[in-house]
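A short write-up of the structure that comes next.
The values are calculated or read from the model by the stated rules, or taken from the named source; none is laboratory data. Keep in mind that what you see is a predicted model, and the values were worked out from it rather than measured. Cβ sites come from the backbone with ideal geometry, for glycine too, and all protein chains shown count toward neighbours. Protein only, heavy atoms only, side chains kept; ligands, DNA and RNA dropped before computing areas. Shrake-Rupley method; radii C 1.70, N 1.55, O 1.52, S 1.80 Å.
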Number of protein chains: 2
Amino acid sequence: MTMDTQQSGFIINMYIAAWQLQNKRFAELLEKLTDEQLDAETAPGRNTGTYLLGHMVAVSDAMLKLMGFREKIYPELEEVFIKSPDKSGKARPSAQDLRKYYHEVTNELNGFIDTLSPDEWLDRHMAVSEEDFAKEPMRNKLNILISRTTHMANHQGQMLFLQK
Amino acid sequence: MTMDTQQSGFIINMYIAAWQLQNKRFAELLEKLTDEQLDAETAPGRNTGTYLLGHMVAVSDAMLKLMGFREKIYPELEEVFIKSPDKSGKARPSAQDLRKYYHEVTNELNGFIDTLSPDEWLDRHMAVSEEDFAKEPMRNKLNILISRTTHMANHQGQMLFLQK
């Protein structure tokens, strides 16, 4: 491994650290919130904490497939927590179950994340064709990690309002 | 320039793109909000939009210094928007002025950001000593950009609640 390949790996590890820090903060917030607090709205008329928790699980679960690691663990969550808004009336898991799913999906994802080489991080993700990727090389696996980190930070800001 | 130095530059540019996308979204949200909406609380008893806007300006202004580019443009904002909570009663600029400051500080920052080489991105930021940096090489300028991007995403999520 050359010094410069080491440099690429170092920079990628900084992004992985940012993803893991965001997930650590999210897990810490979940620990502080009761199931009753999660079931409440983040602000009047806005999404509940439970919906946003389910949304986070569904988005992280989709990363498993999008990054080429494996099939989703809970594919049924997409319909309820991504395609449908909160209060859709569709049956959904409890806050208690979603907490477990969050940790299960995150641990599964982080296990795969630790195995990628810099070149693999810069390879295309599964929702872009080879042809489009040749024109837009930033549509790679690393970009999924970056965009999902800011996405989680965005919703975490809202979920902070669930605290007393 | 070797292929691998190019690779480091490419990976860093992905992160600069994430920072710029976050700022673009923030600017778009500001466009949608009236000054009256900014002056309202994001949720009952929580920070106002104007406070969070001032907080964003103060944090980005501090990046100018922390990343070694130049002195702050509005150093007085730190006391009101970082050291003090909202509703501190301290005199502060209007929402209208803070909009201008936001664009001014962001443009200044992005001008400098475009000039850094990969090695400069990986050099220490100004709040860490050379001795500590030797032990913790991730405390570099790139890390400031990464952490400020998720910080802004976090507060943007809250400011979305200001919209009707």
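At-a-glance table
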{"item": "Hits in the stretch B:131-143 (condition: more than 8 Å from chain A (Cβ to nearest Cβ) and out of contact with any Asp or Glu (no Cβ under 8 Å at 6 or more places or on another chain))", "result": "B:Glu131, B:Asp132, B:Phe133, B:Ala134, B:Lys135, B:Glu136"}
{"item": "Filtered residues of the stretch B:102-117 (kept if open to solvent by less than 50 Å² (accessible area, probe 1.4 Å) and part of a helix (DSSP H, G or I))", "result": "B:Tyr102, B:Val105, B:Thr106, B:Leu109, B:Asn110, B:Gly111, B:Ile113"}
{"item": "Counted residues, the stretch A:126-164 - those being without any contact (Cβ under 8 Å) to a residue 12 or more places away in the chain and of a type in the set (S, T, N, Q)", "result": "4"}
{"item": "The stretch B:131-148, subset assigned to a helix (DSSP H, G or I) and not aliphatic (A, V, I, L, M), residue farthest from A:Ile12 (Cα to Cα)", "result": "B:Glu131"}
{"item": "Selected residue [within 14 Å of chain A (Cβ to nearest Cβ), among the acidic types (Asp, Glu), without any contact (Cβ under 8 Å) to a residue 60 or more places away in the chain and out of contact with any Pro (no Cβ under 6 Å at 6 or more places or on another chain)] from B:Asp123, B:Asp97", "result": "B:Asp123"}
{"item": "For A:Gly89: the one exception among (1) in contact (Cβ under 8 Å) with a residue 60 or more places away in the chain; (2) of a type in the set (Gly, Ala, Ser); (3) open to solvent by 50 Å² or more (accessible area, probe 1.4 Å)", "result": "(1)"}
{"item": "So A:Thr48, is it among the hydroxyl-bearing types (Ser, Thr, Tyr) and surrounded by fewer than 19 Cβ atoms within 10 Å (Cβ to Cβ)", "result": "no"}
{"item": "Within the stretch B:1-100, helices (runs of 4 or more DSSP H) holding 2 or more residues that are basic (Lys, Arg)", "result": "B:3-32"}
{"item": "Any hit, the stretch A:26-43, residues being open to solvent by 10 Å² or more (accessible area, probe 1.4 Å), in contact (Cβ under 8 Å) with a residue 24 or more places away in the chain and of a type in the set (S, T, N, Q)", "result": "yes"}
{"item": "Given (1) under 30 Å from A:Lys164 (Cα atoms); (2) of a type in the set (A, V, I, L, M); (3) surrounded by 15 or more Cβ atoms within 10 Å (Cβ to Cβ), number of the condition B:Ile82 does not satisfy", "result": "(3)"}
{"item": "Residue tally, condition open to solvent by 30 Å² or more (accessible area, probe 1.4 Å) and more than 8 Å from every other protein chain (Cβ to nearest Cβ), over the stretch B:144-161", "result": "1"}
{"item": "Meets criteria (more than 17 Å from the chain's Cα centre (by Cα) and in contact (Cβ under 8 Å) with a residue 40 or more places away in the chain) for B:Ala18", "result": "no"}
{"item": "The listed residue being of a type in the set (D, E, K, R) and open to solvent by less than 60 Å² (accessible area, probe 1.4 Å), out of B:Lys164, B:Lys141", "result": "B:Lys141"}
{"item": "Flag for A:Ser60 being at pLDDT 95 or above, more than 14 Å from every other protein chain (Cβ to nearest Cβ) and either open to solvent by 10 Å² or more (accessible area, probe 1.4 Å) or in contact with a helix residue (DSSP H, G or I) (Cβ under 6 Å, 6 or more places away or on another chain) (or both)", "result": "yes"}
